[in-house]
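Visitor: One structure coming up, written as structure tokens, with questions to follow.
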Amino acid sequence: MLKQAVASNPDAFVSFSEGMATVDKFELIYDSMTSACALPLASQEFVSFSQGMSNVDKFELIHSAGFIHNIGKITSFAQAAEVLAQLTQLSDTLCRLLSGVKSYPFLNLVSVEWKQLLEHKEFCAHQNLLQLDSHLNIEETLLDLCHQLYHLANPCIDRLYGQEKLDMENYKDVMLWSEAAALICETALRHELGFLDSSPVQFLVQDKKENYYVDLDQFLLKSNLEDLCKLLSKSMVRGSSSLTMSAWIESAYESYIRTFKQRSGLIKV
């Protein structure tokens, strides 16, 4: 891969030796125009041989804004799908997610709103709105986007629009399991795509004494999915420190009841 990269784009290699003959480091930077030079996210293929010895050459593969340079220009699902399509060969989870999303009948209405200060980071079904935090790095933005896309596909996945409306108790149960699934989808993508420099997937739990964050990977090593859903019922909405999951579900249920007749004729379960 290194030989191919040099042949494809030799100008991408720069020396950082600062005049020190024994230290010679190189940085490989690629973007969508030079994708042939290296597989995206293959940074694990570039390892240090120095074992702490400063006189051994080191190589660093940077996968920053390059291979998805247009992520900040996303304003619709169509553009989001175009960006995510670049990663589908690296993630079975992402392939399944996009397959489920395509059954959502309002894709052409889905818009993306970028904000610096978000009330929360969840898909708003009644507005067909994906809300993205402009302060996040590219890895975190992609994981955030995929989490919300899971919720976008949720009406089809969880059969919310069958012949009969769900009562509040069953609706809440479905939404809590959906949030658990979206978080698991997010952490699965984090591992499959090698986004291990991004923060672990967490959620904020409301406690009488003091609110605290739960690391999903660590929690699932010790507990089961049913325990996860119970804990999520006491959590805050993802990305918010003030909006509780219970209040969010109650608000979503009101919209669900109000639009059930209209949507049940369009959303195929």
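Visitor: Just flag the GluC sites (Glu not before Pro) in region 172-223 sitting in loop per DSSP whose Cβ has no more than 12 other Cβ atoms within 10 Å.
Guide: Here the GluC sites (Glu not before Pro) that fit, given the DSSP loop and packing criteria, are E210.
Visitor: OK, next. For the cross-link pairs K165/K208; K73/K102; K121/K230; K209/K230; K165/K230, which exceed 26 Å when the distance is taken from alpha carbon to alpha carbon? Let's see the in-between values first.
Guide: On the way: K165/K208 34 Å; K73/K102 21 Å; K121/K230 21 Å; K209/K230 18 Å; K165/K230 23 Å.
Distance filter (> 26 Å) returns K165/K208.
Visitor: Multiply the residue gap between N128 and Y213 by 0.36 nm, knock off their C-alpha separation, and tell me the result in nm, one decimal place.
Guide: Stretched fully, the N128-Y213 segment lengthens by 27.8 nm.
Visitor: I need the trypsin sites (Lys or Arg not before Pro) found in region 221-265, filtered to DSSP loop residues with at most 11 other beta carbons within 10 Å of theirs.
Guide: none
Visitor: Also: Each residue of region 166-178 in order: what ³J(HN,Hα) in whole Hz does its phi give by Karplus 6.51 cos²θ - 1.76 cosθ + 1.60, θ = phi - 60°, with x for Gly and Pro?
Guide: Rounded to whole hertz, the list is 7, 6, 4, 5, 6, 5, 4, 4, 4, 5, 5, 5, 5.
Visitor: Give the residue from S198, Q262, L243 lying farthest towards the positive end of the charge dipole for region 193-268; charges sit on Cβ (+1 for Lys and Arg, -1 for Asp and Glu) and the dipole is referred to the Cα centre.
Guide: Q262
Visitor: How large is the dipole of region 71-264 about the Cα centre if only Lys and Arg carry +1 and Asp and Glu carry -1, each at its Cβ, rounded to the nearest 20 debye?
Guide: 480
Visitor: Sticking with this one: Only sites in a loop by DSSP and with at most 14 other Cβ atoms within 10 Å count here; which chymotrypsin sites (Phe, Trp or Tyr not before Pro) in region 158-208 make the cut?
Guide: Answer by residue number: there is no such site.
Visitor: Relative contact order for region 75-147: what percent, with Cα pairs under 8 Å and sequence separation of 6 or more?
Guide: Relative contact order for region 75-147 comes out at 27 percent.
Readers should treat all values here as calculations from the given coordinates under stated rules, not as data from a laboratory. Since we're looking at a predicted model, the values are computed, not measured. Quick reminder, even Gly has a Cβ in these numbers, built from the backbone with ideal geometry, and neighbours come from all protein chains shown.
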